[in-house]
1. List the residues, sorted by chain then number, that are 5 or more residues from Leu30 or on another chain and whose placed amide H is less than 5 Å from its amide H.
2. Using +1 on the beta carbon of Lys and Arg, -1 on that of Asp and Glu, and nothing else charged, what's the dipole of region 26-109 about the Cα centre, debye to 20?
3. In region 41-118, which GluC sites (Glu not before Pro) are in a loop and have at most 12 other Cβ atoms within 10 Å, using DSSP for the loop call?
4. Count neighbours as other Cβ atoms within 10 Å of each site's Cβ, and list the trypsin sites (Lys or Arg not before Pro) in region 48-96 that are DSSP loop with at most 11 such neighbours.
5. Indicate the gyration tensor shape class of region 26-109 (rounded, prolate or oblate), computed on the Cα atoms with a ≥ b ≥ c the square roots of the eigenvalues: a/c under 1.5 is rounded; otherwise a/b larger than b/c is prolate and the rest oblate.
6. Taking the alpha-carbon distance from Lys56 and a cut-off under 12 Å, which aspartates and glutamates remain once sequence neighbours fewer than 8 residues away in the same chain are dropped?
7. Scan around Gly77 for amide H atoms under 5 Å from its own, H built in the peptide plane at 1.01 Å from N, and keep only partners 5 or more places away or cross-chain.
8. Under 13 Å from the Cβ of Ser65, count the other residues' Cβ atoms, weight Lys and Arg +1, Asp and Glu -1, and hand me the total.
Amino acid sequence: MRRIVTFAGAVLAGLCFSGLVAGAEPPGKLVLKVYPKRTVTFDHKGHAKRIGDCRKCHHMSSPGSEEKCSECHSAKGDKDTPSFREAMHMRCKNCHMRDNKKVKGSCKECHPEVKSKL
């Protein structure tokens, strides 16, 4: 009996996990608020459709269990993990400047409330 319950639990968990991986709809637009004075509106769904591989951004998560960037990248960071700002500027800004010729690298492109360069 115990084997049947264990097997049924494993099958149920597998079905739930496969549904998350195959059918999970990414969130739409998000407001990243790690730094309250420097919020960024981020089109998560648009990026997910264009990029197609969640691991390009969620590089330390396994498929189906992606975490928020801020789960690992805090406002200040530490010696092993870049701060949220450093991570976004390295990964996001560099990717945009390389692949999207409309992006020039101005702070205002992501931070419209900024009056001058950071």
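Please treat every number below as a calculation from the coordinates, not as lab data. As the structure is a computational prediction, the values presented were derived from the model and not from experiment. Cβ: placed from backbone, ideal geometry, glycine included. Neighbour counts: every protein chain shown.
1. Placed amide hydrogens put Phe42, Asp43, His44 under 5 Å from Leu30.
2. Working: 20 positive and 10 negative charges, 108 e Å.
Roughly 520 debye, rounded to the nearest 20.
3. Glu67, Glu113
4. Lys76, Lys79
5. Details: a/c = 1.39, a/b = 1.03, b/c = 1.35.
Since a/c stays below 1.5, the shape of region 26-109 is classed as rounded.
6. Glu66
7. Phe84
8. Within the 13 Å Cβ shell, the charges total -1.
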